[in-house]
Structure formats: C-alpha cells, structure tokens
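**Q** Dumping the structure here so I can ask a few things about it.
The values are calculated or read from the model by the stated rules, or taken from the named source; none is laboratory data. In this text the structure is predicted, and so the values were computed from the model without any measurement. Note that each Cβ is placed from the backbone with ideal geometry, even for glycine, and that neighbours are counted across all protein chains shown. Just so you know, the surface numbers come from the protein's heavy atoms only, side chains and all, with ligands and any DNA or RNA stripped out. Shrake-Rupley method; radii C 1.70, N 1.55, O 1.52, S 1.80 Å.
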Amino acid sequence: MRRGIAIAIACLGLGLGLWLSAHTFYTTKITWSRDVSRIMYRHCASCHRQDGSTFSLMTYREARPWAEAIKQQVLERRMPPWNAVKGFGEFKDDGGLAQEDLEIIGEWVDGGAPEGNPIYLPPRPEFQPLQEESHAAEQEITVMGTITMKHEVEAIGITPSLVPEAGVMQVIARQSDGQIDPLIWIEQFNPKLNQTYYFREPLRLPRGTKIEVTPRTGRVALITK
C-alpha cells in the first residue's frame, strides 16, 4: 500500500515537472500585443523592419529572442540612437524614449516577455520616402561657456560639437526678462550618433539672450537662419 502511494506521488511529481517545463509563467500584465509593440512601431520600426537598415523587430516572433538585448540597449539609451534627453527641448523626429516607455519594456522583459492577445496589436506603421530638407541658408553661432546675443536671432537647431569626457552637457537660453528656454541636454554621449538636432519650431531669441553651456568646457553650434 505504501509502495503504491509512493509510486503515485512520484508519478504526480514527474507529471507536474513536465507540465511546468512546458508552460512559461508570466509575472506581468504588460504584453507585446497591447503595450510593447506600440513603442517598437513608433520608435524602432523605421530601421528594424523588412527592407529597413537592420534586422526586423516588427513581430513578436522576431522580437522575442532579442528581448533581453532590447531591454539593455534602451535602458542604457544606446537605442534608439538619440543622445538628447527627452523632454528637454522639443525636436523634429524625436527618437528618444520616455521614462514610461523604458519602464514598460523593462517590466515586460522581467515578467517573461508575454505575447498577449494579437487582437490588441496596433496597425502597422506606414513608411514614406524620406525627403531631404534644404539647409543651404543656415548659419552657425559657436557657443562655449556663455555668450550674449548682440541682435535677435531665429534658432532652428543645435549641434553638439564638443561634449566633455563625462558625456553630459546642458544648454539653455536665458532671456533678459528671466525666461529660460531649454535647448538640449546630453547624457551618455555617443559620438557615433552625433547629429544636428532641429527644433520642432524655430526659437526666437531676442537681443540680450544669454546662451549658457554647462559645463563651460562643452561647445555647441547654434544653427540659425
């Protein structure tokens, strides 16, 4: 009798072990279909797609094997390739991830990277051919430390040209009436990803406006018309 009970318990344990090994247990309600795919479509699919510049991450099957790598790359802000801190200055084609996006991806991966119900997938993005802007009439004002505008300028962008070794630099425009306009904040600077950051809307900087670069060893080029 005891031997029969022992055999039954052993069989039950073996069956439970096989069942557990065949099923993935998720510890998050964040899913690819409802949450993560929206971030990927918005910020990553322009490159990570079929016929894009690198491997596709458009589907769960394509993205799931890369889940841990995706988490590491976005948390270290290596991807998407965007040196500027999101929310400090407003730029065209802003590719930076918001803190909420980082938290969603992190929780999704840590919770087992579930797919979720495909009915919640958003529409696939459509990609239009890139149209190059003409920058022939642009001028540059080099700023290192602090300079004061001697006349009104219309700033359309900014280019980091010398970022301190720490990889951190912040630039603001301080107007004479006390108004402060954030221009750009660089963190974890990657020189391979350096570019000109064009403002979403041109900034009118009146005469007397001070452009301040912190630390003072940093240097930028203010792009004007």
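**Q** Roll a 1.4 angstrom probe over the protein heavy atoms and tell me the percent of accessible area of the range 86-225 that is carbon or sulfur.
**A** 48
**Q** In cubic angstrom, how much convex hull volume per residue do the alpha carbon atoms of the range 133-225 span?
**A** In the range 133-225, the Cα hull volume divided by residue count equals 94 Å³.
**Q** At 1.4 Å probe size, with every protein chain present, just tell me what the per residue accessible area of the chain comes to in Å². Provide the component values of the computation, followed by the final result.
**A** Numbers: 14340 Å² over 225 residues.
I get 64 Å² per residue for the chain.
**Q** Which lysines, if any, have their Cα less than 16 Å from the Cα of Lys210, not counting same-chain residues under 8 positions apart?
**A** Within reach: Lys150.
**Q** Distance from a point 7 Å along Cα→Cβ of Gln179 to each backbone N in the range 87-110: keep the residues under 19 Å and list them by number.
**A** Residues 88-91 qualify, since their backbone N sits under 19 Å from the label point.
**Q** Starting from the coordinates of the alpha-carbon atoms of the range 44-88, obtain the Kirkwood hydrodynamic radius over all distinct pairs and give the value in Å to one decimal.
**A** About 11.4 Å for the range 44-88.
**Q** Also, I was wondering about something else. Between Arg64, Arg78, Arg207, where does the largest GNM mean-square fluctuation fall for the chain, given springs only between Cα atoms within less than 10 Å?
**A** Answer for the Gaussian network model of the chain: Arg207.
**Q** Just in the range 143-178: which GluC sites (Glu not before Pro) are loop by DSSP and have at most 15 other Cβ atoms within 10 Å?
**A** Working: sites: Glu152, Glu154, Glu165; in loops: Glu152, Glu165.
Qualifying residues, ordered by number: Glu152, Glu165.
**Q** Viscosity 0.890 mPa s, temperature 25 °C: Stokes-Einstein D of the range 53-154 from its Kirkwood Cα radius, in µm² per second?
**A** 139
**Q** Can you compute log10 of I(q)/I(0) for the chain with the Debye formula, treating each Cα as one identical point scatterer, at q = 0.11, 0.13 Å⁻¹?
**A** Evaluating at q = 0.11, 0.13 Å⁻¹ gives log10 I(q)/I(0) of -0.69, -0.87.
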